[in-house]
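Notes for the one structure printed next.
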Amino acid sequence: MIKADGVIFVYDVNDLLIKRAYDAVSLDAKKLKAPIRFVADNPGLEYKGRKFRGEILLQPDKNGNVLLINRVPLEEYLYSVVPSEVPAGWPTEALKAQAICSRTYAIREILNKKDTAYDVESTVNSQAYSGMTKENPRTTQAVRDTEGVLAVYEDDPIHMFFHSNSGGRTETPDQVWGGKRLPYLESVASRFDEAGDNFVWKEILNQDKMDQTLSSLGVGSIQSIQVLSRTPSGRVDLLEVIGKQGTSKIKGKEFRSLLGTSVKSLRFGIKRESEGFLIKGMGAGHGVGLSQWGSFGMAKQNFTYAEIIRHYYQGIEFARITR
């Protein structure tokens with residue numbers, strides 16, 4: 001069911017008005033054979049308790065599923081993204097830095113996905129987006145104060161990756177996703193991360209949990225885990241898992257994927273203790289690009305959003321989208 005405060009207009013694939021309703025429209029999405037589009041005369045189409053700016057498009061695919069796509073202007077999209085990514089109570093310059101990060105990220109996705117049904121996902125697979133219910137006046141103002149501003153390198157929008165906490169030093173993207181080095185994304189110190197969540201953390205996993213989690217390696221009950229190599233930023237690159245039935249080498253990225261939230265970043269050490277395996281680490285996330293908690297700390301020390309961004313993305317310039 002799609003709801004709104006006022007009139008809802010429903011259009012077919014040819015943009016012909018097929019229905020006009022007040023307050024709500026109910027339909028069985030599984031029976032759709034072609035896309036339909038919902039527009040409200042007042043901002044705020046509601047679906048499953050969440051309100052969205054712009055339009056809602058229901059688009060069936062060949063597998064019998066229906067995509068729900070929110071079409072929204074870029075700046076209004078950011079009204080929700082920025083407070084979904086960082087707390088609205090953070091210093092203004094950190095909010096502005098996040099607005100530019102999120103805008104630049106979205107633009108790169110738009111340019112890279114010209115032939116797809118949508119540009120970005122609403123989860124951290126792209127960047128968090130929660131609709132109007134998440135909007136806050138402080139973050140909306142940060143978006144407006146930086147309207148249209150992008151970070152560019154040699155006139156192209158940059159790969160503007162960001163994460164929660166670098167643990168004191170950022171990572172280069174080639175160490176996380178492979179590919180070539182990017183000149184504006186070198187590893188840099190991020191000393192203001194210390195004030196943030198998960199700067200230092202630890203987890204203890206008992207024997208059964210570790211055996212179950214790493215059962216796909218086929219080495220039997222885990223006896224020890226050794227770090228064999230690290231990236232230049234200090235993150236785990238390769239480990240050796242020793243079990244009763246054999247040993248296996250595993251990349252740090254795969255190890256973190258298997259263990260999930262127990263390993264908040266690859267900047268960790270591990271050793272066996274009597275109660276299980278102790279994992280002590282620093283930071284949270286992939287570590288590439290802007291550290292959100294580092295940005296918070298820099299803003300608290302009166303750095304501007306431009307100084308914050310230039311610290312994490314070396315040699316970049318700023319540009320503005322013009323209409």
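Just 77, 22, 153 to compare: in a GNM of the chain, with alpha carbon springs under 10 Å, which one fluctuates most? Checking each option, the largest mean-square fluctuation is seen for 22. In the chain, the longest principal axis of the Cα atoms and the axis of helix 92-112 are about 80 degrees apart.
From the cross-link list 244/280; 209/249; 51/264; 48/264, which pairs have alpha carbons spaced over 27 Å apart?
Table pairs above 27 Å Cα-Cα are 51/264; 48/264.
The H on the amide N of residue 190, modeled in the peptide plane, is under 5 Å from the matching H of 168, 169, 170, each at least 5 residues off or on a different chain.
Averaging the inverse of every distinct alpha carbon separation and then flipping it gives the Kirkwood radius. What is it for the stretch 2-71, in angstrom units?
Final number for the Kirkwood radius of the stretch 2-71 is 12.1 Å.
Computed over the Cα atoms of the stretch 86-195, pair by distinct pair, the Kirkwood hydrodynamic radius stands at 15.6 angstrom.
Here the sum of -39500 (n - 2.57) over DSSP H runs of 4 or more residues, divided by the residues of the chain, equals -7000 deg cm²/dmol at 222 nm, to the nearest 500.
When the convex hull of the C-alpha atoms of the chain is computed, what volume per residue in Å³ does it have?
Values: hull volume 54.7 nm³, N = 323.
Looking at the chain, the number lands at 169 Å³ per residue.
Once backbone amide H atoms are built at 1.01 Å from N, residue 288 has 171 as its partners under 5 Å, excluding neighbours fewer than 5 places away on the same chain. Computed from phi, the 3J(HN,Hα) profile of the stretch 27-42 under the Karplus parametrisation 6.51, -1.76, 1.60 (θ = phi - 60°) reads 7, 9, 4, 5, 8, 5, 10, 8, x, 10, 10, 10, 9, 10, 6, 10 Hz, with x in place of Gly and Pro.
What net charge is computed for the residues neighbouring residue 305, neighbours being all others with C-beta under 15 Å from the C-beta of residue 305, Lys and Arg scored +1, Asp and Glu -1? It would help to have the intermediate numbers written out before the result.
Values: positive: 96, 103, 138, 144, 300, 310, 320; negative: 85, 93, 145, 147, 307, 317.
Around residue 305, the surrounding residues sum to +1.
When the Gaussian network model of the chain links Cα atoms closer than 10 Å, the mean-square fluctuations of 152, 124, 176 top out at 124. Note on the chain: GNM, Cα springs under 10 Å; of 157, 137, 83, the largest mean-square fluctuation is that of 137.
Taking K and R as +1 and D and E as -1, what net charge do the other residues with C-beta under 11 Å from the C-beta of residue 267 add up to? Kindly include the intermediate steps, with their values, before the conclusion.
Working: positive: 169, 230, 235, 256, 264, 280; negative: 171, 193.
Counting the neighbours of residue 267, the net charge comes to +4.
3J(HN,Hα) along the stretch 43-57, derived from phi through the Karplus expression 6.51 cos²θ - 1.76 cosθ + 1.60 where θ = phi - 60°, amounts to x, x, 6, 10, 9, 6, x, 10, 9, 10, 6, x, 10, 10, 10 Hz, with x in place of Gly and Pro. Using the empirical formula 2.2 N^0.38 Å as the baseline, the Cα radius of gyration of the stretch 169-323 reaches a ratio of 1.22. Sorted from longest to shortest, the spans of the Cα atoms of the stretch 180-267 along the three principal axes equal 44, 31, 16 Å. Compactness of the stretch 100-139, taken as the C-alpha radius of gyration over 2.2 N^0.38 Å, stands at 1.28. Overall, the chain carries a charge dipole of about 560 debye about its Cα centre when +1 sits on the Cβ of Lys and Arg and -1 on the Cβ of Asp and Glu, all other atoms neutral. Of all aspartates and glutamates in the structure, the ones whose alpha carbon falls short of 13 Å from that of residue 33, not counting any fewer than 8 places away in one chain, are 12, 61. Across the options 227, 74, 173, the greatest Cα extent toward the positive end of the charge dipole of the chain (unit charges at beta carbon of Lys, Arg, Asp, Glu) belongs to 227.
Counting only heavy atoms of protein chains, what accessible area per residue, in Å², does the chain have with a probe of 1.4 Å?
Values: 16330 Å² over 323 residues.
Normalised by residue count, the accessible surface of the chain is 51 Å².
The values are calculated or read from the model by the stated rules, or taken from the named source; none is laboratory data. Here the structure is a predicted model, which is why all the values come from computation and not from measurement. No Cβ is skipped: glycine too gets one built from the backbone with ideal geometry, and neighbour counts run over all protein chains shown. Each accessible area value is taken on the protein alone, full model and side chains, heavy atoms only, with ligands, DNA and RNA left out. Shrake-Rupley method; radii C 1.70, N 1.55, O 1.52, S 1.80 Å.
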